[in-house]
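Down below is the structure, laid out as structure tokens.
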Amino acid sequence: MSRLSGSTALVTGASRGFGRGIATALAQHGASVVGVARDRARLDEVAQEIGTAFTPVQADAADPVVAGRLIDTIAPTVLVLNAGTSPLSRPLHQHTWESFSRPWEVDVRHAFSWSREALLRPLAPGSVVVVMSSGAAIAGSPLSGGYAGAKGTIRVIASYARDESERQALGIRFVSVLPQLTPATDLGAAAVAAYAAREGQTTEEFTASRGPALSAGQVGQAVIDLVTDRGLDQPAYLLTAAGLKPLS
Ligand SMILES: NC(=O)c1ccc[n+]([C@@H]2O[C@H](COP(=O)([O-])OP(=O)(O)OC[C@H]3O[C@@H](n4cnc5c(N)ncnc54)[C@H](OP(=O)(O)O)[C@@H]3O)[C@@H](O)[C@H]2O)c1
């Protein structure tokens, strides 16, 4: 219960899906958790479930002013950059530039702004920044427009930030996580439905063909492991229902 007691964590995209699982796990391990998302009602549901350890902040995580203000005022020692837009599930030629580039405008802008603020402040030595990339960064995601490339760039941003932290001896550890596609969240369920339809399968058939599905609870536990286990010191990890696997 107390592995993180006394620490303050900030989780973006904490209102549902992986972020909700991560916020819950961090609170269960003793952290005070600030959760950022745009939907106040969903945030309040999380606050009701977690209790006083959770502080909801209704804000757009892709806004660099929000990143600067919250890093300055909260100075978390655990920062989880998890917020992400749900891409439009269509093949390349059915995207406009605006729909194709949406994951860049939200996910990449958010990872860039918050990582930059974490280095600029800087966060206290020993702080950990977990940045949510995607398995799509390796495998591709042809029905998600610019999503796979955006998530690949997020992995690169985390590795640049990690190098910069080492170069300046800041003691901030940046790590990126590449979760496997799962129907367990709103974003994942929409993608799974699109890929299943393209394969002429039901969502159940498509999901079963890919092995055990990753749950939000498992993502939460993986973040706890990354934050508390000093042996997990690699720059990037693939995450499946079988657990974390370091990526070279
Ligand atoms: N599910 C998967 O299969 C999968 C696989 C690999 C990677 N990922 C990544 O994991 C992360 C979480 O995904 P998820 O599946 O949990 O998605 P989700 O269920 O759709 O949840 C996304 C979360 O991000 C928040 N969010 C989106 N845009 C935001 C913004 N501009 N400012 C603040 N919060 C924002 C949403 O809250 P509001 O809408 O209330 O703002 C919500 O809390 C994403 O980065 C996603 O790309 C997911």
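The values are calculated or read from the model by the stated rules, or taken from the named source; none is laboratory data. All figures in this text were calculated on a predicted structure; none of them were measured in a lab. Backbone-built Cβ (ideal geometry, glycine too); neighbour counts: all protein chains shown. Each accessible area value is taken on the protein alone, full model and side chains, heavy atoms only, with ligands, DNA and RNA left out. Shrake-Rupley method; radii C 1.70, N 1.55, O 1.52, S 1.80 Å.
The ellipsoid equivalent to the alpha-carbon distribution of the chain has semi-axes of 28, 20, 18 angstrom, derived from the gyration tensor eigenvalues as √(5λ) and listed largest first. Per residue, the chain exposes 46 Å² of solvent-accessible protein surface, assessed with a 1.4 angstrom probe and all protein chains in place. Seen from Asp39, the other residues with C-beta closer than 14 Å to its C-beta sum to a net charge of +1, counting Lys and Arg as +1 and Asp and Glu as -1. Computed from backbone phi, the HN-Hα couplings of the range 24-30 come to 4, 5, 5, 5, 4, 9, x Hz, rounded to whole numbers (Karplus: 6.51 cos²θ - 1.76 cosθ + 1.60, θ = phi - 60°; Gly and Pro given as x). Eigen-decomposition of the gyration tensor built on the alpha-carbon atoms of the range 166-234 gives equivalent ellipsoid semi-axes of 34, 12, 9 angstrom, largest listed first.
The label point for Arg210 and the one for Ser5, both projected 7 Å from the Cα toward the Cβ, are 3.9 nm apart. Multiplying the residue separation of Gln48 and Thr73 by 0.36 nm and subtracting their alpha-carbon distance yields 6.6 nm. I'd like the orientation of helix 40-50 relative to the chain: the angle between its Cα long axis and the longest Cα principal axis, in ° from 0 to 90, rounded to 10. In the chain, helix 40-50 runs at an angle near 60 degrees to the longest axis. Between Ala59 and Ala37, Arg38, the built amide H atoms are under 5 Å apart, and every one of these is 5 or more places off in sequence or on another chain.
Residue separation of Arg198 and Gln94 scaled by 0.36 nm, minus their Cα-Cα distance, works out to 36.0 nm of gained length. The H on the amide N of Leu10, modeled in the peptide plane, is under 5 Å from the matching H of Val34, Val78, Leu79, Val80, each at least 5 residues off or on a different chain. Dipole check for the range 1-112: with +1 at the C-beta of Lys and Arg, -1 at the C-beta of Asp and Glu, and the Cα centre as origin, the magnitude is about 180 Debye.
With the convex hull constructed from alpha-carbon coordinates only, the range 131-213 shows a mean projected area of 6.0 nm² over all directions.
Looking at the range 149-248 only, what percent of DSSP beta bridges run antiparallel? Nearest 5 please. Taking every DSSP beta bridge with both residues in the range 149-248, the antiparallel ones total about 50 percent. Each Cα pair under 8 Å and six or more residues apart adds its sequence gap; the mean of these over the residue count of the range 1-81 is a relative contact order of 35 percent.
For Phe54, the amide hydrogen comes within under 5 Å of the amide hydrogens of Val33, counting only partners 5 or more places away or on other chains and with H modelled in the peptide plane.
Of interest is the spacing of the C-alpha centroids, which for the range 1-78 and the range 184-216 amounts to 28 Å.
For Gln168 and Glu105, a Förster radius of 45 Å and the Cβ-Cβ distance give a FRET efficiency of 0.95, rounded to the nearest 0.05.
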